[in-house]
Each structure stands twice: as structure tokens, then as C-alpha cells.
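The values are calculated or read from the model by the stated rules, or taken from the named source; none is laboratory data. For clarity, every value in this text was computed on a predicted model and none was experimentally measured. Because the Cβ atoms are built from the backbone with ideal geometry, glycine has one as well, and the counts that use them run over all protein chains shown.
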Amino acid sequence: MSSDTHQLMSLLKSMGVNQSAIIAVEDVKFDEDFRKQCEQNSCGSYNKNWMCPPGVGPINELKEKALKFKQGLLFQTVYALEDSFDYEGMQEGIKNHTEILRKVLDYIKSGRFFDEFLPLNVGPCTYCGRCAFLDSQECRFPEEAVSSVEAYGIDVMALEKSYGMSYNNGKNTISCVSLILFNLKLS
């Protein structure tokens, strides 16, 4: 592990991330069924967000984009819920997880750790209060926009299991996952 990735892992731990791993992109399994869940509008963001289908682009192009990277930083946070119907608690957990992702991205940008990187998060991009997609306008902040792992068709459960991470973390919890694909900076 490089000193840059070691620093990132330490940062994640200090932010309360429950599980993390540096992964090889060749270990990522893509499955169009995850993308089909997007198309069935499971989260309510289909055709409403530039970083969700169909605005984010065809799955074959996204897979090709992802496979240009060599490694990834996979991390998960876990939040307790009052019960399995605690929608507000789920939304709060996703919001908190996304804040951690944003801090990590700011840290990465400030240190110029990677030649290039591709952040993926749980659920739709929430950078803007209202996505420009809804107003038939281009994305206002393309450098800040983050797509979901589901939109890319990534089998997060299989990826976590292959790196010894648990996907389900118990009754009345929500587990949120981010994956930042990257290529290390060449010295």
C-alpha cells in the first residue's frame, strides 16, 4: 500500500468509517441487474438526475470508463435505525455518509494523490438541491457530480465479500458504501 493510500485509510478511520479496503478494479463484478433496479426507479431518481440513468449514460460506456482505473478505495459506514421502516434514519445515514465522501474527495483533491479518480456513492448525486436535469439544463457542477455504484452496475455485495467486508450489518441498520476508483500518480 502506498503512503497516499495509507493516509486515506487513516483519514477514513478517523471519520468513523466502519470498514474499508483498497481493491483491485479487476475484482469488480458488473451486473446489469443492478442498473435495471435504477431503471425500475427503486430510489425515485430515475430520469431526474444527471448522475442516474438515463442521464449518466449507457451501462456499457460506464463499465468501460470504470475499467480504465487500476485500484479503488471501498468504504462503508453503518448507521442504527429505530426499526426497518425508519425512512428518516435511512436518509440521515445516507446524508452523513455522503458528507464523509465529500470530505475524502476534498482531501484527495488537495493532495493531488491520484492522476485521475472516479468517485461513486450510495444513491443519486445530491450536490445540488435541485438537479439541472429537471430543468433540461447541463450539470452545473460536473467536477462535483457523483454517480452511484448502482448506476455503474457494480455488484457491491460481491466486492465487499471478496475483501472480507460484511454487507449486512445487522437488524435495524443501514450500510452505506462508496467506491473511489483511481490510478496512482506516477512519480
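For segment 1-36, what are the residues that are among the small types (Gly, Ala, Ser) and either closer than 16 Å to Leu159 by Cβ or more than 17 Å from the chain's Cα centre (by Cα) (or both)? If you could, list the steps in order and put the result at the bottom.
So the first thing to find is which residues in segment 1-36 are among the small types (Gly, Ala, Ser), and the list is 2-3, 10, 14, 16, 20-21, 24.
Those that are among the small types (Gly, Ala, Ser) and either closer than 16 Å to Leu159 by Cβ or more than 17 Å from the chain's Cα centre (by Cα) (or both): Ser2, Ser3, Ser10, Ser14, Ser20, Ala21, Ala24.
Can you find even one residue in segment 97-106 that is surrounded by 13 or more Cβ atoms within 10 Å (Cβ to Cβ), touching a helix residue (DSSP H, G or I) at 6+ places or on another chain (Cβ under 7 Å), among the basic types (Lys, Arg) and at negative phi?
No.
Considering every residue within segment 145-163, establish whether at least one is touching a residue at least 40 places away in the same chain (Cβ under 8 Å), part of a loop (DSSP other than H, G, I, E, B) and farther than 23 Å from Lys68 by Cα.
Checked segment 145-163: no residue is touching a residue at least 40 places away in the same chain (Cβ under 8 Å), part of a loop (DSSP other than H, G, I, E, B) and farther than 23 Å from Lys68 by Cα.
Looking only at segment 87-141, filter to residues that are small (Gly, Ala, Ser) and in a helix (DSSP H, G or I); which one of those is nearest to Ser10 (Cα to Cα)? Walk me through it before giving the result.
Quick first cut of segment 87-141, residues small (Gly, Ala, Ser) only: 89, 93, 110-111, 123, 129, 132, 136.
Next cut, in a helix (DSSP H, G or I) only: 89, 93, 110-111, 132.
Details: Gly89: 27, Gly93: 21, Ser110: 16, Gly111: 15, Ala132: 35 Å.
So, considering only residues that are small (Gly, Ala, Ser) and in a helix (DSSP H, G or I), the one nearest to Ser10 (Cα to Cα) is Gly111.
Could you pull out the residue among Gly16, Gly55 that is part of a loop (DSSP other than H, G, I, E, B), under 19 Å from Val104 (Cα atoms) and of a type outside the set (A, V, I, L, M, F, W, C)? Spell out the reasoning first.
Numbers: Gly55 fails: under 19 Å from Val104 (Cα atoms).
Unique residue meeting the criteria: Gly16.
Any residue at all in segment 79-95 that's surrounded by fewer than 16 Cβ atoms within 10 Å (Cβ to Cβ), in contact (Cβ under 8 Å) with a residue 12 or more places away in the chain and in contact with a strand residue (DSSP E or B) (Cβ under 9 Å, 6 or more places away or on another chain)?
Taking every residue of segment 79-95 in turn, at least one turns out to be surrounded by fewer than 16 Cβ atoms within 10 Å (Cβ to Cβ), in contact (Cβ under 8 Å) with a residue 12 or more places away in the chain and in contact with a strand residue (DSSP E or B) (Cβ under 9 Å, 6 or more places away or on another chain).
Quick grid of which residues meet (1) surrounded by 18 or more Cβ atoms within 10 Å (Cβ to Cβ); (2) over 18 Å from Pro53 (Cα atoms); (3) among the polar types (S, T, N, Q); (4) at pLDDT below 95:
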site: Ile108; (1), (2), (3), (4): yes, yes, no, yes
site: Arg130; (1), (2), (3), (4): no, no, no, yes
site: Leu134; (1), (2), (3), (4): no, no, no, no
site: Glu143; (1), (2), (3), (4): no, yes, no, yes
site: Asp155; (1), (2), (3), (4): no, no, no, yes
site: Met165; (1), (2), (3), (4): yes, yes, no, yes
site: Asn183; (1), (2), (3), (4): no, yes, yes, yes
